[in-house]
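Report on the following structure.
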Ligand code: FCB
């Protein structure tokens with residue numbers, strides 16, 4: 001029997017401005033890409049997927065797949081290239097894109113900050129500067145004024161935990177810092193900026209639904225019986241996964257440096273956006289203070305996506321959806337889920353099993369309102385450049401040629417059935433019905 005989802009369920013894909021638009025020269029990521037050794041293989045975002053010129057061709061692909069939703073971000077550095085100066089042409093272009101989505105029956109969900117900061121913000125200290133809180137709030141307010149007639153679903157900040165971990169602890173994202181004290185300062189401002197953006201959107205558009213997109217990865221001990229592994233896994237899970245959402249729920253902070261309050265954050269989640277990719281096994285490593293005493297890796301023998309990106313673990317999505325609902329009692333969107341898999345070896349089955357995980361969470365009573373696959377088309381994958389291919393469609397960034405991977409057809413079948421068609425249920429061996437699915 002086919003597995004059906006609620007009629008109003010959003011079936012979408014997700015992208016972010018810098019990864020797809022091309023030629024975003026006025027933000028911290030573009031500057032970072034120019035520094036030697038920062039991006040694998042010396043890659044750069046360049047024209048990316050050429051969306052600034054022609055996102056509409058990919059919107060047509062979404063419509064062909066039968067999607068009814070898409071999550072995208074607006075690039076702050078385009079809209080406000082210098083402090084207080086609005087670029088009207090960029091406002092018009094985003095309105096055109098949002099209208100283009102609507103005309104194709106695709107409901108937009110818009111992220112206000114997805115990793116990139118305008119250079120003028122970055123130069124004044126970025127997330128370490130308390131003024132960035134109010135600046136993001138003003139950006140949010142203006143976006144609600146410009147686009148509110150076309151957008152009801154807003155994400156304030158994408159993955160603040162990844163910004164903190166990769167930008168301020170591991171130094172792999174801008175500003176390339178490895179310093180826990182500076183990280184804590186950035187974390188507080190990221191959380192307060194979320195709250196400022198939440199309030200600003202609601203002041204303009206009281207009926208909007210505003211949430212965050214948070215990267216959640218189960219962290220399990222490498223050795224179930226090992227006390228050190230259990231301790232470090234739960235410590236890492238707390239600070240990476242839960243501390244953030246707990247603060248937004250209760251205002252209480254149990255951060256890296258002890259307890260505290262971030263009072264303005266209380267009750268600033270209309271929904272929780274879950275970005276789910278993988279889980280980690282964590283092994284206690286007392287000799288590795290730089291890794292916060294825990295080394296992360298996949299379960300030995302488990303399937304792993306391209307270049308060791310992560311274990312393929314659909315059960316983890318059920319786990320995080322259940323836990324989010326148990327803790328916060330807020331509606332949930334799966335705002336990102338996907339894997340790097342250039343050969344499309346795993347993706348068809350990955351899609352079926354992760355959509356199946358959403359179905360299980362729904363049948364447990366978790367109000368999941370949508371699923372946005374990362375991503376429609378291969379795009380610029382931050383510090384990994386063009387090495388990791390997340391697209392339902394492949395892309396040659398030099399020629400801009402695209403091709404549908406078999407999984408595009410699988411997702412189209414899921415969207416057409418508004419759930420998992422019977423032919424996709426049951427089998428768990430790698431040879432699924434998708435092997436016979438013709439390209440398009
Ligand atoms: C997430 C990011 C997104 C993309 C995917 C693969 O952490 O939000 O921009 O890079 O990973």
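Read-outs throughout are calculated quantities, based only on the coordinates presented, and are distinct from any laboratory measurement. Everything quoted here is computed from the prediction, not taken from an experiment. For neighbour counting, all protein chains shown are included, and Cβ atoms are generated from backbone atoms with ideal geometry for every residue, glycine included.
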Length gained when the stretch residue 150-residue 96 is fully extended (0.36 nm per residue, less Cα-Cα span): 18.4 nm
Using distinct alpha-carbon pairs, which all enter the 1/r mean, Kirkwood radius of segment 346-429 in Å: 14.2 Å
Highest average packing first - 351-364, 120-133, 182-195, Cβ atoms within 10 Å: 182-195, 351-364, 120-133
Relative contact order computed over the chain (Cα-Cα under 8 Å; 6+ residues apart), in percent: 18 percent
Separation of alpha-carbon centers, segment 147-196 and segment 29-90, rounded to whole Å: 18 Å
Cut-off 16 Å, label 7 Å out along Cα→Cβ of residue 138, residues of segment 259-289 by amide N: none
Debye intensity ratio in log₁₀ form over the Cα atoms of segment 3-439, taken at each q of 0.09, 0.10, 0.13 Å⁻¹: -0.53, -0.66, -1.21
Rh by Kirkwood over Cα pairs, then Stokes-Einstein D for segment 109-175 at 1.306 mPa s and 10 °C, µm²/s: 124 µm²/s
Per-residue Cβ neighbour rank within 10 angstrom, fewest leading, 49, 23, 143: 23, 143, 49
Histogram of C-alpha separations across segment 46-150, 10 Å bin width, %: 14, 44, 30, 11, 1
Projected label distance in nm at residue 103 and residue 25, using a 7 Å step from Cα toward the beta-carbon: 2.9 nm
Where labels lie 7 Å past Cα in the beta-carbon direction, separation of residue 396 and residue 326 in nm: 5.0 nm
Antiparallel bridges, percent of DSSP beta bridges restricted to segment 3-439 (to nearest 5): 30 percent
Antiparallel bridges, percent of DSSP beta bridges restricted to segment 216-312 (to nearest 5): 75 percent
Segment 214-340 - Rg (one decimal) and Dmax (whole number), Cα, Å: 15.4, 45
Inter-label distance for residue 288 and residue 425, nm, one decimal - labels placed 7 Å from Cα along Cα-to-Cβ: 4.2 nm
Segment 115-225: mean projected area of Cα convex hull, nm²: 8.6 nm²
Cα pair count fraction exceeding 12 Å, expressed as % - segment 311-354: 65 percent
Value of Rg/Rh across segment 164-264 [Cα atoms, Kirkwood radius]: 1.03
